[in-house]
Amino acid sequence: MENQRVLDTLMERLSSGEISPDTALGDAIDSLTFIDIFLDLEREYDSAITLDHVVACKTMGELRALMDTARAGLSKSREEEQ
């Protein structure tokens with residue numbers, strides 16, 4: 001759950017304007033935090049997000065878009081199962 005708090009904090013900072021969508025991931029997080037976030041995303045989105053997807057994100061905005069896409073895909077998948 002610690003990783004989720006890190007991710008939530010980053011998204012809150014992005015939403016509040018403390019960091020912008022254009023902020024480079026390297027300026028917002030260190031490499032260990034990056035790996036923690038990846039593992040959390042992988043768990044949260046049922047492995048729909050791969051390391052390659054996360055590594056391709058260069059900015060906070062790209063990371064948020066990736067999460068939004070994965071969330072939408074997961075929601076659609078769950079709806080189809082019902």
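Quick notes
- The set of residues from the stretch 44-70 being at pLDDT below 80 and in a helix (DSSP H, G or I) comprises just one member, GLU44.
- Test for ILE37: is it modelled with pLDDT under 85, surrounded by 16 or more Cβ atoms within 10 Å (Cβ to Cβ) and in a loop (DSSP other than H, G, I, E, B): no
- Checked against the criteria, LEU51 counts as hydrophobic (A, V, I, L, M, F, W, C) and surrounded by fewer than 16 Cβ atoms within 10 Å (Cβ to Cβ).
- Every pair of residues 6+ apart whose Cβ atoms lie under 6 Å, when the first sits in the stretch 53-82 and is over 19 Å from ARG43 (Cβ atoms) while the second is surrounded by 15 or more Cβ atoms within 10 Å (Cβ to Cβ) and at pLDDT below 85: MET60/LEU14; MET60/ILE19; MET60/ALA28
- So SER31, is it at pLDDT 80 or above and surrounded by fewer than 12 Cβ atoms within 10 Å (Cβ to Cβ): yes
The values are calculated or read from the model by the stated rules, or taken from the named source; none is laboratory data. Note that the structure is predicted; figures quoted are calculated from it, not measured. We place every Cβ from the backbone using ideal geometry, glycine too, and count neighbours over all the protein chains shown.
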